[in-house]
Amino acid sequence: MEQHSYMNAQPNLDAIFAALADPTRRAILSRLADGQASVNEIAAPFKMSQPAVSKHLKVLERAGLIERDIDEQRRPARLKAREMAAAVEWLTQFKAFWGASFDQLDDVLLDMKLTQDKESEHE
């Protein structure tokens, strides 16, 4: 993995990951992946008030993960992929690390199995 300065990180990543840390907000994003929805439509499956859902939507909007339009009486929310892609891109930097770690774990487990098999043969 390349050496990066802490200051080179995209400034919005903190807001993105903070928004994604909440299970309700992740559920809202999953719902919006199916298409835009009003606050009432988003609030329907949750046991919370419309103002509480609106607060979650504001967090997602500030993080750049959704955008909201004004459509007569409604303010439908829709998923924005660009900021989510920035988070995925950042996480992808660690893919090689995790791949190497899992390869090392595979080697250790294989060695343990071979040792166990040899011990079983000698019994």
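Grab the beta carbon distance between Ala44 and Leu105, set R0 = 41 Å, and tell me the FRET efficiency rounded to 0.05.
Computed FRET efficiency for Ala44 and Leu105: 0.45.
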For this session: Arrange the following residues from fewest to most other Cβ atoms within 10 Å of their Cβ: Glu119, Glu67.
Result: Glu119, Glu67
Problem set entry | Within straight-line cross-link reach of Lys47, aspartates and glutamates at Cα separation under 16 Å, skipping those fewer than 8 residues along the same chain | Asp22
For this session: Using +1 at the Cβ of each Lys and Arg and -1 at the Cβ of each Asp and Glu in the stretch 6-92, identify which of Gly64, Asn40, Ala87 lies farthest towards the dipole's positive end.
Result: Asn40
Problem set entry | Simple Cβ-charge dipole of the chain, Lys/Arg +1 and Asp/Glu -1, about Cα centre, in debye nearest 20 | 1180 debye
Problem set entry | Cross-link reach list, aspartates and glutamates versus Lys80, counting only Cα pairs under 16 Å and skipping chain neighbours closer than eight places | Asp34, Glu61, Glu67, Asp69, Glu89
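Taken together, the values in this text are just the output of simple stated rules run on the coordinates, not laboratory data. This is a predicted model, so every value here is computed, not measured. Note that we place each Cβ from the backbone using ideal geometry, even for glycine, and neighbour counts take in every protein chain shown.
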